[in-house]
């Protein structure tokens, strides 16, 4: 079949049909293989799975492309997705303590200010179109009036996903998704003394995790405006990461996933794993759309009994960004908290 010949031909570029380079495909085959896999079976399963993701079509169409039964396509898609989910914690993982300083310095470069050298991640949510479920269908309609489920992700300075949380209906606010995610409930990240950036749809927090958001618009003080400017430059890496994934799997983001709603979170998680595998192989897709955009979250109260405001940290950071003699003196006040 043409799609198989494309991969078997070592000179041909598989990216137009599979949306992955040959290096990324071979890496994917290696990390999902096991001792139980024999012959060409595993390679065929991976190719069918990736082609299905890339084309965002039905099992029936994929079965015709590979000349195999539709039931076989279904089984292969589910089998490879399970293999990918088994390695999720190895591919989508938090950095080691030794890597934190470098990540902080990279975020400071993104922001254009050394005051942000303790930033070690950016967080945001993304809506994935799904078929409207028959049960509680109204909960899945988001503020843009299409059915979706949410992907919450935290990425590093390269756009690599360190933690994901998916499955909540589209109508749920980003802050509520955060408060029910393991990164918040189990205080997984960031480590003490570091913080992550999020947009104004999230609460500004110092505990249980340190999450710093921009000042609410309209901003009157010059120090606050300057802080927001640099904050946006650092935070926008998560938008670039989403944009890159949307470019690679554009068909999936433009229409609803052709799977049952219960399987959709697994498919979304697999895409984030593939995103990281591609980054590790230099297989980068530039976002096809502008990613620096105003926050479009609808504000909701952020009061919670177990959380503490991070506004004092934000004030210190804002002072450090605007300090004429550099950020060190202003940040000493932050270190006292």
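Please treat every number below as a calculation from the coordinates, not as lab data. These figures come from a predicted structure and were not determined experimentally. Reconstructed Cβ throughout: ideal geometry from the backbone, glycine too, with neighbour counts over all protein chains shown.
Data table
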{"quantity": "Sequence ranges 260-266, 196-202, 80-86, ranked by mean other-Cβ count within 10 angstrom, highest first", "calculated": "196-202, 80-86, 260-266"}
{"quantity": "Whether the stretch 2-86 is rounded, prolate or oblate, judged on the alpha carbon gyration tensor where a/c under 1.5 counts as rounded", "calculated": "rounded"}
{"quantity": "Inter-probe distance in nm under a simple model that places probes 7 Å from Cα toward Cβ, at residue 311 and residue 255", "calculated": "4.9"}
{"quantity": "Estimated FRET transfer efficiency (residue 286, residue 192; beta-carbon r; R0 41 Å; 0.05)", "calculated": "0.70"}
{"quantity": "Computed helical MRE - 222 nm, the chain, DSSP H runs ≥ 4 contributing -39500 (n - 2.57), nearest 500", "calculated": "-14000 deg cm²/dmol"}
{"quantity": "Exposure proxy order (Cβ contacts within 10 Å, fewest to most) of 40, 52, 249", "calculated": "40, 249, 52"}
{"quantity": "Stretchable slack from residue 71 to residue 180, in nm (0.36 nm times residue separation minus alpha-carbon distance)", "calculated": "35.6 nm"}
{"quantity": "Relative exposure of 28, 220, 254, 100, judged by other C-beta atoms within 10 Å (fewest first)", "calculated": "220, 254, 100, 28"}
{"quantity": "Global geometry of the stretch 1-147, whether rounded, prolate or oblate, following the gyration tensor of its Cα atoms and the 1.5 cut on a/c", "calculated": "oblate"}
{"quantity": "Distance from the stretch 192-209 to the stretch 217-290 (C-alpha centre basis), Å", "calculated": "19"}
{"quantity": "Cα long-axis angle, helix 222-248 against the chain (0 to 90 degrees, to the nearest 10)", "calculated": "0"}
{"quantity": "Simple spin-label estimate for residue 44 and residue 225 in nanometres, 7 Å along Cα-Cβ", "calculated": "6.5"}
{"quantity": "Relative contact order of the stretch 92-335, defined on C-alpha pairs under 8 angstrom at six or more residues apart (%)", "calculated": "23"}
{"quantity": "Listed candidates (i) 67, 48, 39; (ii) 147, 67, 35; (iii) 66, 44, 34 - label of the one calculated as Cα extents along the principal axes in Å", "calculated": "(iii)"}
{"quantity": "Length gained when the stretch residue 247-residue 8 is fully extended (0.36 nm per residue, less Cα-Cα span)", "calculated": "83.5 nm"}
{"quantity": "Residue order, fewest to most surrounding Cβ atoms within 10 angstrom, among 68, 212", "calculated": "68, 212"}
{"quantity": "Label-point gap, in nm, between residue 82 and residue 35 - each point 7 angstrom along Cα→Cβ", "calculated": "1.9"}
